[in-house]
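Asks: Pasting in a structure now, in structure tokens, and then I'll have a few things to ask.
Taken together, the values in this text are just the output of simple stated rules run on the coordinates, not laboratory data. Since the model is a prediction, treat every value here as computed from it, not as a measurement. All Cβ positions, glycine included, derive from the backbone under ideal geometry; neighbour counts span all protein chains shown.
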Amino acid sequence: MSVEVPAASPSTPCIGVCRLDRRGLCLGCRRTAGEIAHWRSMDEDERLYLMREVLPRRGLQP
């Protein structure tokens with residue numbers, strides 16, 4: 001018998017450098033202010049999309 005273990009929810013990309021640049025991206029995690037504000041209310045799929053698709057396009061690897 002095998003037990004399927006759910007994957008862990010992605011941790012936040014926050015590294016504790018919380019300042020926005022002129023484009024509105026955080027200097028630490030490269031998220032927008034809106035993405036930062038909504039992180040806790042995002043479901044797992046939204047977080048995974050942000051971590052896997054959006055952040056790498058901004059030059060940050062998950």
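Asks: Hey, among the residues in the stretch 38-51 that are surrounded by 12 or more Cβ atoms within 10 Å (Cβ to Cβ) and either charged (D, E, K, R) or in contact (Cβ under 8 Å) with a residue 60 or more places away in the chain (or both), which one's nearest to Cys14 (Cα to Cα)? Walk me through how you get there before you give the answer.
Replies: Quick first cut of the stretch 38-51, residues surrounded by 12 or more Cβ atoms within 10 Å (Cβ to Cβ) only: 38-39, 42, 44, 46-51.
So of that shortlist, the ones also either charged (D, E, K, R) or in contact (Cβ under 8 Å) with a residue 60 or more places away in the chain (or both) come out as 44, 46-47.
Working: Glu44: 16, Glu46: 16, Arg47: 13 Å.
Within the stretch 38-51, the match that is nearest to Cys14 (Cα to Cα) is Arg47.
Asks: Among the residues of the stretch 19-34, write down those that are part of a strand (DSSP E or B) and farther than 19 Å from Glu53 by Cβ. Spell out how you get there, then give the answer.
Replies: Here is the first cut: in the stretch 19-34, the ones part of a strand (DSSP E or B) are 20, 25-26, 32.
Once the filter is applied, which keeps residues that are part of a strand (DSSP E or B) and farther than 19 Å from Glu53 by Cβ, the stretch 19-34 yields only Leu20.
Asks: Of all the residues that make up the stretch 13-37, how many are surrounded by 15 or more Cβ atoms within 10 Å (Cβ to Cβ) and on the phi > 0 side of the Ramachandran plot?
Replies: Qualifying residue count for the region: 1.
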